Amino acid sequence: MKAKPDFNPNANHAATAPAFLSVWEIEAYYGESYIVQNISFNIHEGEILALLGRNGAGKTSTLRTIARLDDPELRHGEIWLDHQPLHEKKSYEAASLGIGFVPEDRRIIPGLTVEENLKLAQIAPPHGWSLQRLYELFPRLGERRTQDGVTLSGGEQQMLSIARALARDIKVLLLDEPYEGLAPVIVQEIAKTLEVIRDQGITTIIVEQNAIAALKLADRSVILDTGKVVYDGSAQDVLDDEELREQYLAI
């Protein structure tokens, strides 16, 4: 069932890493709790990968480890982005190399308008997407550019969180539960936007409890169970395999 990632830990990574983002045998802990247990997978540039599993499977912890946030603590393994060793970096260094993390709670800054939230995220001089380009991608944000960001609807706040990540020069977009609490029509709208972002060459990992929606969007899927990879392959194959979905996703 599980396809082993094509990654040689003994190779000269900078010269030979076959994928745009390579996660190799990472092990991460919250204190002494062993959360991410020897996880490996690869993603190619421009791919969307659905990182799925039941609650507590280690999905968000894996995203946070890739983003090099303080928790959980990476104690073993390697993460390579475009020939750069992320596992040696702090979170701000990973961000400067192109990692954009959109957390589940969205983290819209209160007291700032939509446009101020976006401008705050831009690097000076701007290397990411311009405001005009972001408003073309998210017309609703353009209409509400002077509105306080925290007064937006849930779907609009999610759009703002994604737009804020794009305002920087990112290569990889990490999305934690982007569809949570959203109406189906908004989920479809955000999914179409993520397809446009993929067409721009940005690589995306999506963690989502709405597994069917994530699988319909994704090129590939990695399924976790109790902190370990139990499936790595085509997203369509997961959609077609009822037994696999029932066993690991309860759907």
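So the values come out like this:
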{"read-out": "Options Arg164, Arg140, Arg145: the member that is basic (Lys, Arg), surrounded by 20 or more Cβ atoms within 10 Å (Cβ to Cβ), touching a helix residue (DSSP H, G or I) at 6+ places or on another chain (Cβ under 6 Å) and more than 23 Å from Val23 (Cβ to Cβ)", "value": "Arg164"}
{"read-out": "Residues of the range 168-178 satisfying the condition of being crowded, with 24+ Cβ neighbours inside 10 Å and in a loop (DSSP other than H, G, I, E, B)", "value": "Pro178"}
{"read-out": "Test result for Asp240, of a type outside the set (A, V, I, L, M, F, W, C), surrounded by fewer than 17 Cβ atoms within 10 Å (Cβ to Cβ) and out of contact with any helix residue (DSSP H, G or I) (no Cβ under 7 Å at 6 or more places or on another chain)", "value": "yes"}
{"read-out": "Tally of residues being loosely packed, with under 14 Cβ neighbours inside 10 Å and closer than 9 Å to Pro72 by Cα across the range 21-47", "value": "2"}
{"read-out": "Residues that are assigned to a helix (DSSP H, G or I) and in contact (Cβ under 8 Å) with a residue 40 or more places away in the chain, drawn from the range 132-161", "value": "Leu137, Gly149, Val150, Gln157, Gln158, Leu160, Ser161"}
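Just so you know, all these numbers are worked out from the coordinates, no wet-lab data involved. This one's a predicted model, so the numbers in the text were calculated from it and none came from an experiment. Please note: Cβ atoms are built from the backbone with ideal geometry, for glycine as well, and neighbour counts cover all protein chains shown.
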